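Scroll down for the structure; my scribbles are underneath it.
What follows draws every value from the coordinates through simple rules; no lab data is involved. What you see is a predicted model; the values in this text were computed from it and never measured. Note that each Cβ is placed from the backbone with ideal geometry, even for glycine, and that neighbours are counted across all protein chains shown.
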Amino acid sequence: MIVTFVFSNPRHHVELMLPVARELGRRGTTCRVVSLAELRGFRTPAIDLPGVVVHRAIPGQVRKNPSAGGGGPGQGGSRLRRGAQAAVWYGGLGLRLRWLLRGSDAVVIPNDAVFPYRELAAALRAQRIPFALLQEGIRFPLPGIAGDQAYGRGGAAALCTWGEASAAHFRAQGTPPHTVHVTGNPRFDDLAPSAWKARGQELLRRHGLEREPLVYLSNPIDDQGFCSTRDKLALFERFVASAAPALETSGRDLVVKLHPREDVAAFRAAAARTPIGARVHVLDDAPLFAVLAAARAAVVVASTAGLEALLMGVPLGVLAVPGHGFVFDYVARDAAVGLDPGPELAPRLRELLDRGQVRPVVADYLELHLAHRGSAAARVADLLVGLRRAV
């Protein structure tokens, strides 16, 4: 049996898929990896798995910087963009992927709703090659994207969800129920907060921080259709200005961890316009878990990183998006403190920083969203072997 994994994000896609490939390898299954990282402006990482060969679908980076020319749902519907995507697909990428996937008994992808996964899913259906969709992030309705209905409806033989909450979401949006399986997220099978403590301490030393900072975990809410990039930066700037009194009285700095698609220089410029610009550290690059290991508390907007903070035992705040409120169910299920920029933010932030512990409901919340921690890779592997039998 040959299982081929296709990814475009060299971090969380790889971290999601490699534990499954490792498990399949232990069972004697041949695994191949196809990278689309260069299409996104990334570089294909070195992957050290015995017997696994990594193929780059594209020889060089299409974009010089992942933060330029995003292809997220909030921007991807223009006729010009779709025309450019079609030109890339029919101009050679589709043929290249068909060649790289030849002989596969099953294919694993992280998305079936955006380019080029949408086209790849259609090609796999036409070739009668079963594919599994590994849920790549938390799911919630996106503005102007018809509830983000496309994801999970691309014809996957198996949709591997992180928890029952996600499974319910996919069933409700029309994904065939028999294809929806709660496997958990293989990325977190071996996550041990204590293993990151030393790297967290090193991060503090590198930035001259004497106390555990507040961490702001940004994500491309502009790509998701919630606002423009200018509005996203303005929201961040208002947050920093509103948070200043709480940070000053607590003697803590703010560390900002961006998504790879976001512009470091733009965030630094926004921070510099605030009263505490010198105490805001916008990181160029750092492993998320190292940042969380150094944190006293974390704030997210609409990101999977909120679940990761809770897994690391970090108290969580969620910043409201103007016109949309608190995205996802962190606040609604009382797993996080709701924050609104303005005069009431500082006292709420002091509460978050002073408490220094996660809320009692978090254990049940994490089980709802991240089931089967420790055995997720094995569960996904079981499903993939089952796909082979069904062909």
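Tabulated values for the structure
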{"quantity": "Prolate/oblate/rounded call for segment 77-139, Cα gyration tensor, a/c under 1.5 rounded", "calculated": "oblate"}
{"quantity": "Fraction of beta bridges assigned by DSSP in segment 193-368 that are antiparallel (%, nearest 5)", "calculated": "5"}
{"quantity": "Most mobile listed residue (Val361, Val380, Val282) in the chain, GNM with C-alpha springs under 10 Å", "calculated": "Val361"}
{"quantity": "Rounded, prolate or oblate (a/c below 1.5 giving rounded, otherwise prolate when a/b exceeds b/c) for segment 299-359 by Cα gyration tensor", "calculated": "oblate"}
{"quantity": "Structure-based [θ]222 nm, the chain - -39500 (n - 2.57) summed over DSSP H runs of at least 4, per residue, nearest 500", "calculated": "-11000 deg cm²/dmol"}
{"quantity": "Alpha-carbon centroids, segment 96-160 and segment 232-307: separation in whole Å", "calculated": "33"}
{"quantity": "Normalised convex hull volume, the chain, alpha-carbon set, Å³ per residue", "calculated": "135"}
{"quantity": "Residue among Gly174, Gly323, Gly154 with the largest mean-square fluctuation in a Gaussian network model of the chain, springs linking Cα atoms under 10 Å", "calculated": "Gly323"}
{"quantity": "Spin-label pair Arg206/Ala332, simplified geometry with 7 Å Cα→Cβ offset, distance in nm", "calculated": "3.7"}
{"quantity": "Computed Rg/Rh of segment 288-391, alpha carbon atoms with Kirkwood Rh", "calculated": "1.11"}
{"quantity": "Extended-chain gain in nm, criterion 0.36 nm per residue less alpha-carbon gap, Ala278 and Arg199", "calculated": "26.1 nm"}
{"quantity": "Within segment 193-368: Cβ-based charge dipole about Cα centre, in debye rounded to nearest 20 (Lys, Arg +1; Asp, Glu -1)", "calculated": "440"}
{"quantity": "Most fluctuating residue given options Leu209, Leu80, Leu352, as computed from a GNM of the chain linking Cα atoms under 10 Å", "calculated": "Leu80"}
{"quantity": "Axial C-alpha extent at least 27 Å, average Kyte-Doolittle at least 0.0 - helices from the chain (DSSP)", "calculated": "229-250"}
{"quantity": "FRET efficiency, Arg79 to Phe140 (Cβ-Cβ, R0 35 Å, nearest 0.05)", "calculated": "0.80"}
{"quantity": "Directionally averaged projected area (convex hull, Cα atoms, segment 210-340), nm²", "calculated": "7.3"}
{"quantity": "Inter-probe distance in nm under a simple model that places probes 7 Å from Cα toward Cβ, at Ala86 and Arg359", "calculated": "4.8"}
